[in-house]
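First comes the structure, then the notes that go with it.
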Amino acid sequence: MSKKITALTGNEAVAYAIKQINPDVMAAYPITPQTALVQKFSEYVADGLVDTEFITVESEHSAMSACVGAAAAGGRVMTATSANGLALMFEIVYIAASNRLPIVMSVVNRALSAPINIHCDHSDTMGARDSGWIQLYSENAQEAYDNTIQAIRIAEHMEVRLPVMVMQDGFITSHGIDCVEFIDDEKVTKFIGKYQPRYPLLDVNHPVTYGPLDLYDYYFEHKRQQAEAIKKSQKVVVEVGNEFKQISGREYGLFEEYHLSDAERAIVALSSTAGTAKQVVDELRAKGEKVGLLKLRLFRPFPYQEIIQALSHLKAIAILDRSDSFGGFGGPLFTEIRSALLESEKIPQNVNYIYGLGGRDINQVDITSIYADLENIVKKGKVEERIKYLGVRE
Amino acid sequence: MSNTKNLGWKEIPEGGLIIEAGNAAKYETGSWRSVRPVRDEKKCTNCLICWVYCPDSSILVSDGKIKNIDYSHCKGCGICATECPVKAIEMVDEKEFNK
């Protein structure tokens with residue numbers, strides 16, 4: 001089988017995935033750095049290459065509201081946003097998950113205002129980590145494309161029925177030209193299958209009410225259902241990943257382990273930073289250093305048992321957060337992983353680096369310095385400074 | 001409050017959806033009432049204005065005539081008594097019925 005590689009940006013790759021998915025409805029409002037994604041998709045609509053009803057709305061609050069309405073009506077629905085757009089959607093983001101609507105949203109990660117900034121960090125989607133959406137983070141354009149297609153299957157799985165957000169790093173991935181291998185249209189169509197809405201409003205023979213008042217006598221039970229559904233989705237993410245390998249040859253699980261099993265020191269990171277870290281791992285491995293990387297793909301639900309298994313043999317771990325949890329004990333990824341490790345008999349030394357806010361570059365030199373810090377921690381047998389800010393001027 | 005047993009999270013439709021049309025009738029709300037509408041059958045002309053105005057569909061009618069008032073859902077708002085053109089409905093304090 002000859003491989004056909006196309007050079008294009010992360011935004012274009014996801015727009016192409018949405019074209020292949022051909023959703024019933026797409027409602028979106030443009031925001032940097034997501035704009036090119038929606039613009040490209042709107043070209044497909046204008047050229048008649050998709051059947052999608054494309055709804056141009058006056059804000060992201062309206063975009064997600066239109067998505068909720070269309071999904072409740074029984075459509076396969078998608079949208080895309082970034083940063084402040086996601087923040088403006090926030091009320092309806094929770095409602096989409098609570099109503100158990102399998103909407104798929106592409107989020108191009110960008111820093112939240114203020115001060116206004118258009119570049120990458122993860123403060124937007126980390127703020128939505130408790131909204132009940134499944135979260136998949138992508139390292140590059142290929143993963144953003146692949147994750148978008150898989151997200152449809154995960155969201156629509158009958159035991160899940162939850163919305164999924166698929167992340168890629170703003171500008172770094174969304175605007176950088178990358179090599180992407182597309183899957184044939186017919187294979188994508190077959191893989192995602194025909195959407196089977198569970199309680200469509202448009203089925204007038206089976207009338208249904210969405211969003212009624214739900215007070216102290218039942219609200220808690222509905223939240224308990226949601227907790228169970230997102231927990232079950234972890235298994236589905238793995239199953240869909242295995243099936244996806246059959247049509248793509250590419251492997252997807254809960255996370256990627258890069259030279260991790262025999263490593264003594266490791267970094268845990270999300271998205272494009274993992275790509276930079278792999279390069280550093282290769283260089284240090286060539287010098288005989290036992291370093292590795294865990295690139296987390298699935299952040300919600302958080303696969304804590306598998307992460308413990310993958311990390312507990314290490315001597316020291318650096319957890320990298322591209323967002324801060326102001327006033328918290330470390331960034332969101334750090335608090336999750338450190339909490340999970342308490343379940344382990346052996347707890348590796350661990351340290352948190354908050355980095356890259358507002359698109360501040362993280363390069364190989366920075367990552368090399370983290371592995372050197374971990375070496376010192378191993379030598380000393382203790383962590384002197386638990387939460388560090390990497391790459392900020394004092 | 002409802003007179004039905006509260007169900008567990010595994011037994012209820014997901015997402016708070018109401019998947020059975022018209023099941024609000026099963027949810028009894030009459031306990032909220034502090035004053036009760038009492039109809040004087042002699043004065044009532046069966047004009048059905050109270051049936052038109054009742055926000056809780058609590059005026060029970062058959063064959064064009066008022067048969068009863070559904071006290072399981074009537075919240076005692078008094079609109080029926082206010083709108084009745086022949087003053088056939090009187091609002092009586094619930095205490096009178098709980099002696």
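The values are calculated or read from the model by the stated rules, or taken from the named source; none is laboratory data. It should be emphasised that the depicted structure is a prediction, and the values quoted were computed from it without experimental measurement. No Cβ is skipped: glycine too gets one built from the backbone with ideal geometry, and neighbour counts run over all protein chains shown. Note: areas computed on protein heavy atoms with side chains; ligands, DNA, RNA excluded. Shrake-Rupley method; radii C 1.70, N 1.55, O 1.52, S 1.80 Å.
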For chain B, cysteines whose Cβ has no other cysteine Cβ within reach (under 4.7 Å): B:Cys44, B:Cys47, B:Cys54, B:Cys74, B:Cys77, B:Cys84
Protection-proxy order for peptides A:27-38, A:212-223, each taking the mean of Cβ atoms within 10 Å per residue, highest first: A:27-38, A:212-223
Sequence ranges B:32-45, A:317-330, B:71-84, ranked by mean other-Cβ count within 10 angstrom, highest first: A:317-330, B:71-84, B:32-45
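Out of segment A:299-374, which GluC sites (Glu not before Pro) are coil in DSSP terms and have no more than 16 other C-beta atoms within 10 Å? Working shown, then result.
Numbers: sites: A:Glu306, A:Glu336, A:Glu343, A:Glu345; in loops: A:Glu343, A:Glu345.
In loop regions of segment A:299-374 (DSSP not H, G, I, E or B), the sparsely surrounded GluC sites (Glu not before Pro) are A:Glu343, A:Glu345.
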Of B:Lys26/B:Lys95; A:Lys245/A:Lys388; A:Lys295/A:Lys380; A:Lys223/A:Lys245; A:Lys231/B:Lys75, those spanning more than 30 Å from alpha-carbon to alpha-carbon: A:Lys245/A:Lys388; A:Lys223/A:Lys245; A:Lys231/B:Lys75
Proximal aspartates and glutamates relative to A:Lys4, as straight alpha-carbon distance under 13 Å, when same-chain residues fewer than 8 apart are discounted: A:Glu181, A:Asp184
Separation of the A:Gln39 and A:Tyr94 label points, Cα + 7 Å toward Cβ, nm: 3.5
Set A:Lys187/A:Lys232; A:Lys3/A:Lys315; B:Lys67/B:Lys99 screened for pairs whose C-alpha atoms are more than 31 Å apart: A:Lys3/A:Lys315
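Defining a contact as two alpha carbons under 8 Å apart and six or more residues distant in sequence, what relative contact order in percent does chain A show? Before the final figure, lay out each step's value.
Details: 816 pairs, mean separation 60.4, N = 394.
Computed over chain A, the figure is 15 percent.
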Two-site label geometry, A:Gln309 and A:Glu394: point separation in nm, points 7 Å out along Cα→Cβ: 4.3
Peptide-level mean, for A:196-208, of C-beta atoms on other protein chains within 10 Å: 2
Label-point separation, B:Ile49 to A:Ala46 (7 Å along Cα→Cβ), nm: 6.1
Portion, in percent, of the accessible area of segment B:14-97 that falls on carbon or sulfur, probe 1.4 Å: 53
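For A:Asp361 and A:Lys346, compute 0.36 nm times the residue count separating them, minus their Cα-Cα distance, and round to one decimal in nm.
Difference between extended and current length: 2.0 nm.
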Most positive-pole-ward Cα, A:His206, A:Phe220, A:Leu293, against dipole of segment A:185-306 from beta carbon charges: A:Leu293
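Checking the a/c ratio against 1.5 first, then a/b against b/c, what shape does the Cα gyration tensor give for segment A:255-390? Before the final figure, lay out the partial values.
On the way: a/c = 1.23, a/b = 1.05, b/c = 1.17.
The shape class here is rounded.
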Listed residues A:Gly241, A:Val57, A:Gly74: farthest to the positive end of the dipole of chain A (Cβ charges): A:Gly241
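Please calculate how many Å² of accessible area the protein assembly as shown carries per residue, with a 1.4 Å probe and no DNA, RNA or ligand atoms counted. Walk me through the numbers before you get to the answer.
Values: 23290 Å² over 493 residues.
I get 47 Å² per residue for the protein assembly as shown.
B:Asp93 to A:Ser59: FRET efficiency via 1/(1 + (r/R0)^6), r the Cβ-Cβ distance, R0 60 Å, to the nearest 0.05? Could the numbers behind the result be given before it?
Working: r = 51 Å, r/R0 = 0.84.
It comes to 0.75.
Report for segment A:5-248 the percent antiparallel among DSSP-assigned beta bridges with both residues inside it, nearest 5.
Details: 5 of 25 bridges.
Percentage antiparallel, nearest 5: 20.
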Whole-percent carbon and sulfur share, accessible surface of segment A:5-248, 1.4 Å: 55
Most positive-pole-ward Cα, A:Thr368, A:Ala13, A:Ser106, against dipole of chain A from beta carbon charges: A:Thr368
Burial of 50 Å² or greater, segment B:8-40 residues [accessible area, probe 1.4 Å, versus chain by itself]: B:Trp9, B:Ile12, B:Glu14, B:Gly15, B:Gly16, B:Leu17, B:Ile18, B:Ile19
Chains A and B together, accessible area buried on both sides, 1.4 angstrom probe, square angstrom: 1700
